Amino acid sequence: MNTTNITFDQNYEVTWGDNHVLSLNQGKEIQLTMDNSSGSGFGSKMTYGSGLFHLRIKVPNRNSAGVVTAYYLTSQGSRHDELDFEFLGDREGKLYRLQTNVFVDGQGNREQRHHLWFDPTADFHSYRILWNQHQIVFYVDNIPIRVYKNKSSIGVGYPSKPMQIQATLWDGDSWATNGGKTKTNWSYAPFKANFQGFDISGCEIPSSNSSIIPNCSSDKYWWNTLKFWQLDPVRQRQHENIKHKYMTYDYCADRNRYPELPLECLY
């Protein structure tokens, strides 16, 4: 199957703000918009137990302070697991920040923030999340910007619940820009975020009334094979380079917030 021909409706559906969602290019591109009446979002029709997930995204341009474009995996319920990409807008001429976060059993507070080495408002770029039983990797244009290893054997939480893919455009001006001091300027609305690439490589979890539950850690799924257990030397060097040049915040280095570092930060 030619994955470039997968349309939005085959794998996804609008979840909120349906009058703020526009289908383009015969369903191969979706535009989410936000104004002072509503934001918008969409989600996958299925939930997944592992995979290498991706979307191509172009985020809102001009003065986007307070505006959050989010692409994430999430399970249901208060003790949910979640893997986040959040694009935090800013005033015109200031750099976007890309925040990632990992939630396990409803507990997040594992933020890292990066500047990007390109203008994410000018064109589409690929954002991917690898999730298998060995590691979670956040990629930007195939470059790993964050790795979260499975250290459950020493008591570190690791996402394991079936998760849905979601994308949203919403008003986060209470916190997103300059700690919430810089507010959304609605004279620049509607804000627009565009998405492409609606094929999904994931281990589908059937509906709850199904008696067949797949083994989502099986190596019959290519993203679980040995190649994806850890970064190869080239990717590891890329990851270290990104951390050195573009990371602006790491919860593991925030001693004011964590005088005693979280367990996963020690290894």
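Under 16 Å Cα-Cα from LYS151, which aspartates and glutamates qualify once same-chain neighbours fewer than 8 residues away are excluded?
Result set, ordered by chain and number: ASP81, ASP105, GLU264.
Rg over Rh of the stretch 88-191, using C-alpha atoms and the Kirkwood radius, what does it come to?
Numbers: Rg = 16.0 Å, Rh = 16.0 Å.
Rg/Rh for the stretch 88-191 comes to 1.00.
Give me, ordered by chain and number, the residues 5 or more places off ARG110 or on other chains with an amide H under 5 Å from its own placed amide H.
VAL102
If we count other beta carbons within 10 Å of each Cβ, what is the order of TRP175, TRP131, TRP223, fewest first?
Taking fewest neighbouring Cβ atoms as first place, the list is TRP175, TRP223, TRP131.
Roughly how far apart, in whole Å, are the Cα centres of the stretch 60-105 and the stretch 167-235?
First find each Cα centre; the distance between them is then 10 Å.
Using the Karplus curve 6.51 cos²θ - 1.76 cosθ + 1.60 with θ = phi - 60°, work out ³J(HN,Hα) for each residue of the stretch 227-238 in order, rounded to whole Hz, and write x for Gly and Pro.
Rounded to whole hertz, the list is 4, 9, 6, 7, 5, 6, x, 5, 5, 5, 5, 4.
HN-Hα J couplings of the stretch 26-37 from phi, Karplus 6.51/-1.76/1.60, θ = phi - 60°, integer Hz, Gly and Pro as x?
Values, residue by residue: 6, x, 8, 9, 10, 10, 8, 10, 9, 10, 6, 9 Hz.
Once the principal axes of the Cα atoms of the stretch 1-108 are found, what is the range along each, listed largest first in whole angstroms?
The Cα atoms of the stretch 1-108 stretch 39, 39, 27 Å along the principal axes, largest first.
Within the set of other residues whose C-beta is less than 11 Å from the C-beta of GLU264, count the net charge using Lys and Arg as +1 and Asp and Glu as -1.
+3
Grab the beta carbon distance between LYS220 and ASN11, set R0 = 25 Å, and tell me the FRET efficiency rounded to 0.05. Provide the component values of the computation, followed by the final result.
Numbers: r = 21 Å, r/R0 = 0.83.
For LYS220 and ASN11, the calculated efficiency is 0.75.
So what's the net charge close to ASP119: Lys and Arg +1, Asp and Glu -1, counting the other residues with Cβ under 14 Å from its Cβ? Don't skip to the end; give the middle numbers.
Numbers: positive: LYS58, ARG62, LYS94, ARG97; negative: ASP90, GLU92, ASP123, ASP141.
Net of charged neighbours comes to 0.
Using a Gaussian network model on the chain with a 10 Å cutoff between Cα atoms, which of THR69, THR225, THR177 fluctuates the most?
Sorting by GNM fluctuation, first place goes to THR225.
Determine ³J(HN,Hα), in whole Hz, for all residues of the stretch 42-56 in sequence, where each value follows from phi through the Karplus function 6.51 cos²θ - 1.76 cosθ + 1.60 and θ = phi - 60°; x replaces Gly and Pro.
9, x, 6, 6, 10, 10, 9, x, 5, x, 10, 9, 8, 9, 9
Could you work out how far the C-alpha centroid of the stretch 114-144 sits from that of the stretch 14-48, in angstrom?
21
For LYS45, which lysines qualify as cross-link partners when the Cα separation must be under 20 Å and same-chain residues fewer than eight apart are set aside?
Straight-line reach from LYS45, under 20 Å: LYS28, LYS161.
Write down, largest first, the equivalent ellipsoid semi-axes of the chain in whole Å, where each equals the square root of 5 times an eigenvalue of the alpha-carbon gyration tensor.
Whole-Å semi-axes of the equivalent ellipsoid: 27, 25, 18.
I want to verify the translational diffusion coefficient of the stretch 8-56 in µm²/s; compute it with Stokes-Einstein, Rh as the Kirkwood radius over Cα pairs, at 20 °C and 1.002 mPa s. Please list the in-between numbers first.
Numbers: Rh = 11.9 Å.
The estimated diffusion coefficient comes to 179 µm²/s.
Taking all pairs of distinct Cα atoms, average 1/r, flip it, and tell me the Kirkwood hydrodynamic radius of the stretch 140-250 in Å to one decimal place.
18.7
A short reminder: the numbers here are calculations on the coordinates, not readings from a lab. Here the structure is a predicted model, which is why all the values come from computation and not from measurement. Cβ coordinates were reconstructed from backbone atoms using ideal geometry, including for glycine residues, and neighbour counts include every protein chain displayed.
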